[in-house]
Amino acid sequence: MKLNDVERAMRAGDLGRAPQIAIEHQIQVGDYFGAEDFVEVTQAHIMADTESLGEAGVKWLEEMAREDGGRARVCIPTITDPRGTDFAKAKVLKQPERFLELERRTIAAFRKLGVSLTDTCINYQTIQAPTRNESVAFGDTGVVIYANSVCGARSNYEGGPSALSAGLTGRTPRYGFHLDPQRRATVRIRADWTPRTLNEWGALGGVVGKLAGNYWSVPVVEGLQGAPGSDAMKHFGAAMASFGSIALFHLVGITPEAVRLEDCGGDKLPVAHRVAEAEVRALMADYPADGEVDVVVFSAPQLSLYELRDLAKLCEGRRFVKPLLAVTSPQVKPDCDRFGYTKSIEDAGGHVLSGMCFYQSYAREIAEANGWKRLATNSTKIVNILGGYGYKPMLASMERCVEAAQKGRLS
Amino acid sequence: MKELIAKHAIGKPVSGTAMVANDGFSARYDLDRIGGTFSRPTHKLAGQSYVGKVLVLDTAKGGVASAWMLREMASRGIIPLALVFNSVNPILAQGAAFGGVTMLSGFEGEVTAQVPDGARVEIDPSRRILRIL
């Protein structure tokens, strides 16, 4: 990679050991993908739940925080994805103390490094959405795909070590979705049906993700009616990223780089797939919403204030016989409390959790501790993840999931 | 002996037994990282141990957690010997760099069809070569 004077100084250690470690890691990654140089970034977002880090990752973070006499600091706004717990609700989840201690050590290390513990995967709804062509280094696939597709910003998937490296160096290797050619559509899909509910938007995203196939594919979808809102795009993108590892999509007439089909090169592509309601229902049928339920979860992505508003309304006057967990960000939670949504949900027997995400919170261990297997949710992303953790996930609308918490079964 | 040339390579030379499937890979979605097996019921390698194997798979799936998890798995010795893919996302490249894992990606043709399951293979990342012995 071509390095400028600042980058050469970082690599030589002139700016400290932490930036030196960071840029060496970034050069390895950049070389792997043939990056010619670095691009400066304005924000970094770090996925770092301790189930992923384990003891090895936490120790590495602590070592980074001790570098340069404990003075190593990020040089751009650097924020965090959800943590592995909500300390106020850890007993509800029956999370072992050893996991909470890993979380405390991680938080302490991030604070020393100057990282802002926002603990959110919806920073584009709550902290600061990037603007078109803004280069950023975001972790969490749902954050990246939303930033690239809906905001028109530029980011690759940046895993935790790489996102922290970007925070320390203020840059990232210029490859992938930082480059114009990579942002052109590669597969054209015609939608013959427009979803209505969030789980349907998620399921359509899952179908598109499976069809597109891998990270370097850029689907352009035409035929959708109306203007989906931010929450619909959130579920659509998060599921597409989860099922297909997709980082950028275009929706003709909706997303900024595809005002017209030809803007993203879609007019040069044949229609490779047509997706109707039947295809979306077929994906949903892989997670059949029928029978006994052990737990109801709204998470992945964290809920917006509007989703919580809808959920609170559905909870009014009900009494749950099964646990219902609604997960949001620390930025949304205070408003959820102020507007009475938390009270409505918790009066019915549910819980509103903050700053975590269900699948990033030791999902296997809390399943065993609580006897949870049959999990109902409206998140297409989470049903794709939790099978590997031993759950039997069931995908249904928010309304049906709330009914399931009340009746103990989906029907 | 047959040699396959990759477009991208990272890590140290290794040799071992190939475990092959035309399926995706995500450390979070697909693995029981404590037990060292594929745990996603629908994965083509479900129930099989990946420890010490040269995994030959189609592509990276899922999220960003693998960037941390490969190092964590390496720290406990419950990790594949190497990873070989038709294509990877940045997360696996970042995870391989962070975890010191040997990885190749990008081949002429479908790599999972060219490497027999159970074959003895050598990987030389400096030359981007996968050798089927």
Under the Karplus curve 6.51 cos²θ - 1.76 cosθ + 1.60, θ = phi - 60°, whole-Hz ³J(HN,Hα) for the stretch A:9-22, x wherever Gly or Pro sits: 5, 4, 5, 7, x, 5, 9, x, 6, 5, x, 5, 4, 5
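So for each of A:3-14, A:195-206, A:368-379 I average, over its residues, the number of other beta carbons within 10 Å; can you give me the resulting order with the highest mean first?
Working: A:3-14: 14.6, A:195-206: 25.5, A:368-379: 20.5.
Ranking, from highest mean packing down: A:195-206, A:368-379, A:3-14.
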Fraction of antiparallel bridges per DSSP, the protein assembly as shown only, in percent to nearest 5: 30
Derived scalar couplings ³J(HN,Hα) [the stretch A:131-144; Karplus, 6.51 cos²θ - 1.76 cosθ + 1.60; whole Hz; x for Gly, Pro]: 9, 4, 6, 6, 8, 9, 10, 9, x, 6, 4, x, 5, 5
Where only alpha carbons of the protein assembly as shown are counted, the Rg and the Dmax (Å): 22.2, 71
Descending semi-axes in whole angstrom, ellipsoid equivalent of the stretch A:111-175, from the Cα gyration tensor: 18, 15, 10
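Ordering A:PHE110, A:PHE33 by how much accessible area each has at a 1.4 Å probe, largest first, what is the list? Display every interim value, and only then the final one.
Working: A:PHE110 0, A:PHE33 35 Å².
From most exposed to least exposed: A:PHE33, A:PHE110.
Evaluate peptide A:383-391: per residue, the Cβ atoms of other protein chains within 10 Å of its Cβ; return the mean as an integer. Mind showing how you got there, number by number?
Numbers: counts 0, 6, 7, 2, 8, 16, 5, 3, 0.
Mean shielding by partner chains, rounded to a whole number: 5.
Work the Kirkwood hydrodynamic radius out for the stretch A:184-284: mean of 1/r over every pair of different alpha-carbon atoms, inverted, in Å. If you can, show how the numbers build up before the last one.
Working: mean 1/r = 0.0771 Å⁻¹.
Taking every pair of different Cα atoms in the stretch A:184-284, averaging 1/r and inverting gives 13.0 Å.
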Amide H contacts of A:GLU134 (H built 1.01 Å from N, under 5 Å, at least 5 apart or other chain): A:ARG154
Number of partner chain Cβ atoms within 10 Å, mean per residue of A:47-59: 5
Projected label distance in nm at A:GLU316 and A:ALA9, using a 7 Å step from Cα toward the beta-carbon: 6.0
Viscosity 1.306 mPa s, temperature 10 °C, Stokes-Einstein D of the stretch A:287-410 from Kirkwood C-alpha radius, µm²/s: 113
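When only Cα pairs under 8 Å and 6 or more residues apart are kept, what is the percent relative contact order across the stretch B:1-111? Mind dumping the intermediate values first?
Values: 241 pairs, mean separation 37.2, N = 111.
For the stretch B:1-111, the relative contact order is 33 percent.
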Cα-based shape type of the stretch A:362-411, given that a ≥ b ≥ c are square roots of the gyration tensor eigenvalues and the cut on a/c is 1.5: oblate
Euclidean distance between Cα centres, the stretch B:83-133 to the stretch A:137-200, Å: 25
Positive-end residue of A:PRO256, A:TRP216, A:ALA203, charge dipole of the stretch A:184-284 with Cβ unit charges: A:TRP216
Proximal lysines to A:LYS59, defined as alpha-carbon separation beneath 28 angstrom and excluding residues fewer than eight positions away on the same chain: A:LYS89, A:LYS91, A:LYS94, A:LYS112, B:LYS12, B:LYS53, B:LYS61
Rel. contact order, % - alpha carbon contacts under 8 angstrom, at least six apart, the stretch B:47-129: 32
Other-chain or far-sequence residues with amide H under 5 Å of A:LEU251's (modelled H): A:VAL221
Part-to-part distance (alpha-carbon centres) for the stretch A:104-134 and the stretch A:288-313, which is given in Å: 24
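Can you give the convex hull volume of the alpha carbon atoms of the stretch B:2-132 per residue, in Å³? Kindly include the intermediate steps, with their values, before the conclusion.
Working: hull volume 11.1 nm³, N = 131.
In the stretch B:2-132, the Cα hull volume divided by residue count equals 84 Å³.
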Long-range HN-HN contacts of A:SER329 with modeled amide H, under 5 Å: A:LEU303, A:GLY355
Packing-based order for A:46-54, B:35-43, using average beta carbon neighbours within 10 Å, highest first: A:46-54, B:35-43
Derived scalar couplings ³J(HN,Hα) [the stretch A:195-200; Karplus, 6.51 cos²θ - 1.76 cosθ + 1.60; whole Hz; x for Gly, Pro]: x, 10, 9, 5, 5, 5
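Any chance you could count the Lys pairs in the stretch A:209-360 whose alpha carbons are under 21 Å apart, treating pairs 8 or more apart or on different chains as valid? Kindly include the intermediate steps, with their values, before the conclusion.
Working: A:LYS210/A:LYS234; A:LYS234/A:LYS333; A:LYS313/A:LYS322; A:LYS313/A:LYS333; A:LYS313/A:LYS343; A:LYS322/A:LYS343; A:LYS333/A:LYS343.
Count of close lysine pairs: 7.
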Chain A, relative contact order in percent, only Cα pairs under 8 angstrom and at least six apart counted: 17
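If you count, for every residue in A:158-166, the Cβ atoms of partner chains within 10 Å of its Cβ, what is the mean? Spell out each step's value before the answer.
On the way: counts 5, 17, 9, 8, 9, 3, 0, 2, 0.
Partner Cβ neighbours, averaged per residue: 6.
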GNM result for chain A, Cα springs below 10 Å: residue of A:VAL207, A:VAL29, A:VAL297 fluctuating most strongly: A:VAL29
Fraction of antiparallel bridges per DSSP, the stretch B:1-130 only, in percent to nearest 5: 50
With 10 Å bins from 0: P(r) over the stretch A:3-122, alpha-carbon pairs, percent: 13, 38, 33, 13, 4, 0
Packing-based ranking, highest mean first, of B:109-120, A:208-219 given that Cβ atoms within 10 Å are counted: A:208-219, B:109-120
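The values are calculated or read from the model by the stated rules, or taken from the named source; none is laboratory data. These figures come from a predicted structure and were not determined experimentally. Cβ: placed from backbone, ideal geometry, glycine included. Neighbour counts: every protein chain shown. Side chains included, ligands, DNA and RNA excluded: accessible areas come from the protein's heavy atoms. Shrake-Rupley method; radii C 1.70, N 1.55, O 1.52, S 1.80 Å.
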